[in-house]
1. Among the numbered criteria (1) of a type in the set (A, V, I, L, M); (2) over 19 Å from the mean Cα position of the chain (by Cα); (3) closer than 22 Å to His119 by Cα; (4) assigned to a strand (DSSP E or B), which single criterion is violated by Val177?
2. In the set Ile258, Ile251, which member is in a loop (DSSP other than H, G, I, E, B) and surrounded by fewer than 19 Cβ atoms within 10 Å (Cβ to Cβ)?
3. Could you tell me whether the stretch 112-122 includes any residue that is of a type outside the set (A, V, I, L, M), assigned to a strand (DSSP E or B) and over 19 Å from Pro56 (Cα atoms)?
4. So Glu266 clears everything in (1) surrounded by fewer than 14 Cβ atoms within 10 Å (Cβ to Cβ); (2) in a loop (DSSP other than H, G, I, E, B); (3) within 20 Å of the chain's Cα centre (by Cα) except one condition, right? Which one?
5. When residues of the stretch 144-164 are filtered for being under 24 Å from Gly181 (Cα atoms), among the small types (Gly, Ala, Ser) and crowded, with 21+ Cβ neighbours inside 10 Å, how many remain?
6. Quick check: anything in the stretch 148-162 in contact with a His (Cβ under 8 Å, 6 or more places away or on another chain), more than 24 Å from Asp263 (Cβ to Cβ) and not in a helix (DSSP H, G or I)?
7. Only one residue in Gln168, Gln205 is at pLDDT 95 or above, in a helix (DSSP H, G or I) and not acidic (Asp, Glu). Which one?
8. Considering only residues that are closer than 16 Å to Cys209 by Cβ and polar (S, T, N, Q), look in the stretch 106-143 and name the one that is surrounded by the most Cβ atoms within 10 Å (Cβ to Cβ).
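The values are calculated or read from the model by the stated rules, or taken from the named source; none is laboratory data. The shown structure was predicted, so the numbers you read here are calculated from the model rather than taken from an experiment. Virtual Cβ from ideal backbone geometry, glycine too; neighbours counted across all protein chains shown.
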Amino acid sequence: MNILITGVSGFLGSSLAELLLSKYTIVGIKGPSNTSVKIGGIKIYDNNIGSIIEKPEIVIMCHAAVSSGNSVVDNESLFKANVKFTEQVINLFPNSYHLYISSVSVYGLEERLINESSHLNPETGYAVSKVWGEKIAQSKIGSGILRLSSLYGPGMKNGTLIANYVDQALNIGKIQVWGNGERKQNYLHVEDAVLYIESMFKKRQEGICIASSQREISNKELANIINSITGAPIEYSDTDNSASRYINNEISRNRLEIKREKDLTEGIKDYILWKKRRF
């Protein structure tokens, strides 16, 4: 089976390529940045979709411009990457099965329980651009949408909460938690995200699915896990007015026959070991 992965230089795209390479023929296209990526056994094109000569059976669209942490992306760049480029990919490979990787951010920031049929409420430029990208992908018959919760694992970008807590523990010897740490979030290991993606394209699953873990964890619990691994003490300060996020993806898990997920503590241990090896 021939698979094209767009955004192969990103966290998810590179992890996906490495984990699928032993079973499939993979071709990648990287984003417009100067990011260099080398994955043995994979042909990687620069940011020129028209130069691809292969005719993939499966196209996994991992490309995305993302505003996170201290990184802010303007709306024009968000539109160009998340909307316009998606349209180009769809048009260039009309006979392929397309899987568009989206985000649970399309549901908004309010505190509520969300599932596959919850109403959309995009509140950021990034979320709006992902909704538009979804609509373009859905315009093609035989395409699927996979909305991911907060992704983590070796290779993840700085600026996310897990990365911030680990950096604090390793570099300044303490973990700073805002407020009382009761805010809850849903974290998905990148290996689990790959399980969802592979199941979707093997089944040629159409429509919308959600990839998430089966339980939420508070910032306090997360800090305690990192404390148990690194020994860094926890400090509480200021306030945290952000809403908790709750997800029920039982429909997607049953539809895609997902039977397992990586233990969060083990996943964070792996990430910390990766950080230590890298730095």
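1. (3)
2. Ile258
3. The answer is no, given that none of the residues of the stretch 112-122 is of a type outside the set (A, V, I, L, M), assigned to a strand (DSSP E or B) and over 19 Å from Pro56 (Cα atoms).
4. So the condition that Glu266 fails would be (2).
5. Summing the residues that are under 24 Å from Gly181 (Cα atoms), among the small types (Gly, Ala, Ser) and crowded, with 21+ Cβ neighbours inside 10 Å in the stretch 144-164 gives 2.
6. No, there is no match, as no residue in the stretch 148-162 is in contact with a His (Cβ under 8 Å, 6 or more places away or on another chain), more than 24 Å from Asp263 (Cβ to Cβ) and not in a helix (DSSP H, G or I).
7. The match here is Gln168.
8. Residue satisfying both the conditions and the ranking: Ser143.
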